[in-house]
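To keep things clear, I will list the structure first and then write my remarks on it.
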Amino acid sequence: MTAFWVVLVLLVLLVVGVVLYGIGAYNSLVRMRNLVEESWRQVDVELNRRYDLIPNLVETVKGYAKHESGTLEEVVRLRNQAAGMASGAPSEQRAGVEEQLTGAIRQLMVTVEAYPDLKANTSFVELQRQLADTEDRIANGRRYYNANVRNYNTRIESFPTSLIASAARFERAMYFEVNDAQVRQAPKVSFDATPAAPSVGVAFETPNFSARSGTQDALPAAAEPTQNGQAFGYRAPETEPVEAEPVPAQPAQATPPTTPQQAPGYGTAVPPYPPQTPGYTPPQS
């Protein structure tokens, strides 16, 4: 009887643990889904703000750039199409329209560069600033939304939470991505102008001499040598080498004989002898 009650208590604890885990996982999924929806509403607010700015921007540009009617009509058409899809969750179709609208606005801003009077208009400058701020907030909101979508999708696909998500019919959220090639393209860096390597071991170098290869560079056609050698491209006058005159051979001089076992530094006296000390007798050779 005692073993029966022990097993029963363990089963009850196991069931209670599973139920508590299921409730916690379900509440976590609901919280993450609501966070995804909230972050999308922030993006949607900024998108609608852009829809409100575009008509005023188009009207301002139209007064100065009447010849750009094609670009303005394209911006208005895409704006109306995107605004008509504003309600509801994000979709691939709406993301594509928003992408085209972003490209059309960018093209309009490039066209405006040809109209200095329009660029100096106070209303246009203010609209351009507000539109730029709105684009920045859209980009930040999109990154935040996609991060929440990633966490939510990862949670509903992980085991064992996937069992609860499937039973409660939690569906994957859709990313709001930008597929614009100009936005995704990395900036190009060009190193066409390569700086010359510093000279090593050369204190002074003429402008037309290469210290790396040891060769004389070609002088520009307009360069002329000057007396003081300060003009660029100066080349020192070349002179023919002068052959050295042969030096006549000198006859070999006889080496005076030395006395065997002679002390270092001792030599034979040459008359006349210097005054000697009284009582001193010079050695006989």
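Summary of computed values
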{"quantity": "Efficiency of FRET between Q42 and S162 - r from beta-carbon atoms, R0 41 angstrom, step 0.05", "calculated": "0.90"}
{"quantity": "Cα gyration tensor, the range 9-184 - rounded (a/c under 1.5), prolate or oblate", "calculated": "prolate"}
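Each reported figure results from applying straightforward, stated rules to the coordinates on display, with no laboratory input. Because the structure is a prediction, the values reported are computed rather than measured. Methodologically, a virtual Cβ is constructed for each residue, glycine included, from the backbone with ideal geometry; neighbour enumeration extends over all protein chains shown.
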